[in-house]
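Structure, as structure tokens:
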Amino acid sequence: MNVLVIGCGNIGALYDFQTEEIKTHCKALSMLPSVTVSVYDEDITLSKKVAEKYGFTCIPQKTDICLSEFQWVVIASPTDTHLYWLMESFRANVPLIICEKPVAKTADELMELEKLYNSHKTKIVVNYFRRFLPAYSQLKENIISLGANPTHVVVKYQRGLMNNFSHAADLMSFIFGAHSFENINVSQSVFDEFNDDPTLSFTCAYNKIPVSVIGLAHARYSYFEIEMFFKDKKIHISDNGNKITYHSAVPTDRYYQPLQREQIENEDSLLTENMKYVYQHVVEVFEDRQHDNFISSVKMNRNILQIIQNL
């Protein structure tokens, strides 16, 4: 099977280039059997370096790419190129696309992509990777077993609503079902990293769940955290999603008990091999054993764009 990776930057190849972790497309693909991989990057020195490390083929020029030769196309290039490569892959009838988020930057672009998706047989897996990890599937099952939604959810993030808050939004969609953010009350809006993607702080409702979102504007570090509060329990996703901690309190009629930590899922790191699980899902989608997540991603991205447009 022929695979093309477009973009050899951080998520394409560099995050785990000097480690044993599996956090990039190239590392994960290098571990799959019966896969022949070609790589392209505008920085030909970089693409040659990646190709040499993994035994891949380096495509030196954009004009040398023939998308119809590939069964999978991985779009790991800068965000403003995603639309171009998606459109070109549709035209070439590529069977499967793995695309980094966000897939597009405007509502019109999302609408056009949705039309093309509905008129083609191409499958698209968008790399909101947490939904593909076993610990997060178990988290979803644990929440379902409680028989009630949280009484409140708190999200903390940085670096853009579409770029980084969308990870939290996709995770909520995965756990609680596809819904819209409603009754939005924005308290802060700062264009600190992107001129078209602000870091917002706001309150809202999601599937009737009260949600408080704290955008850490101007933070010069990576941060992602979600707290889900229940009547006598709390679930804490921390350390950029590397850790899921479960807390509970002993119910009493006389006075409130403090929360006690009862369980930690993979305390060392949930994300050390996250891309391995992404590609397990990719294979299952390609073999028609799983559905892709393109339409759910488009709907969620459209909802986030509406929040930005209504500022």
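Within the set Asp239, Asp232, the sole residue that is among the acidic types (Asp, Glu), under 21 Å from the mean Cα position of the chain (by Cα) and open to solvent by less than 90 Å² (accessible area, probe 1.4 Å) turns out to be Asp239. Scoring Pro198 on the criteria (1) under 18 Å from Leu171 (Cα atoms); (2) within 22 Å of the chain's Cα centre (by Cα); (3) of a type outside the set (Gly, Ala, Ser) leaves a single failure, condition (1). Of everything listed in (1) at pLDDT 95 or above; (2) part of a loop (DSSP other than H, G, I, E, B); (3) of a type outside the set (S, T, N, Q), the single unmet condition for Met228 is (2).
Could you check how many residues of region 206-221 are on the phi < 0 side of the Ramachandran plot and surrounded by 15 or more Cβ atoms within 10 Å (Cβ to Cβ)? Spell out how you get there, then give the answer.
Taking region 206-221 as the starting set, the residues that turn out to be on the phi < 0 side of the Ramachandran plot are 206, 209-217, 219-221.
Remaining after also requiring surrounded by 15 or more Cβ atoms within 10 Å (Cβ to Cβ): 206, 209-217, 219.
Looking only at that region, the number is 11.
Which of (1) closer than 24 Å to Met275 by Cα; (2) touching a Lys or Arg at 6+ places or on another chain (Cβ under 9 Å) does Leu110 not meet, given it meets every other one? For Leu110, the exception is condition (1). One residue stands out in region 259-311 among those that are in contact with a helix residue (DSSP H, G or I) (Cβ under 6 Å, 6 or more places away or on another chain), at pLDDT 95 or above and in a loop (DSSP other than H, G, I, E, B): the one that is farthest from Thr106 (Cα to Cα), namely Gln290. When Phe224 is tested against the conditions (1) in contact with a helix residue (DSSP H, G or I) (Cβ under 6 Å, 6 or more places away or on another chain); (2) open to solvent by 60 Å² or more (accessible area, probe 1.4 Å), the lone failure is (2). Every condition in (1) more than 27 Å from Gly160 (Cβ to Cβ); (2) surrounded by fewer than 16 Cβ atoms within 10 Å (Cβ to Cβ); (3) among the hydrophobic types (A, V, I, L, M, F, W, C) is met by Phe286 except one, and the failing one is (2).
The values are calculated or read from the model by the stated rules, or taken from the named source; none is laboratory data. All values derive from a computational prediction rather than experimental measurement. Don't worry about glycine lacking a Cβ; one is built from the backbone with ideal geometry, like all the others, and counts go over all protein chains shown. Surface areas here come from the heavy atoms of the whole protein model, side chains and all, with no ligands, DNA or RNA. Shrake-Rupley method; radii C 1.70, N 1.55, O 1.52, S 1.80 Å.
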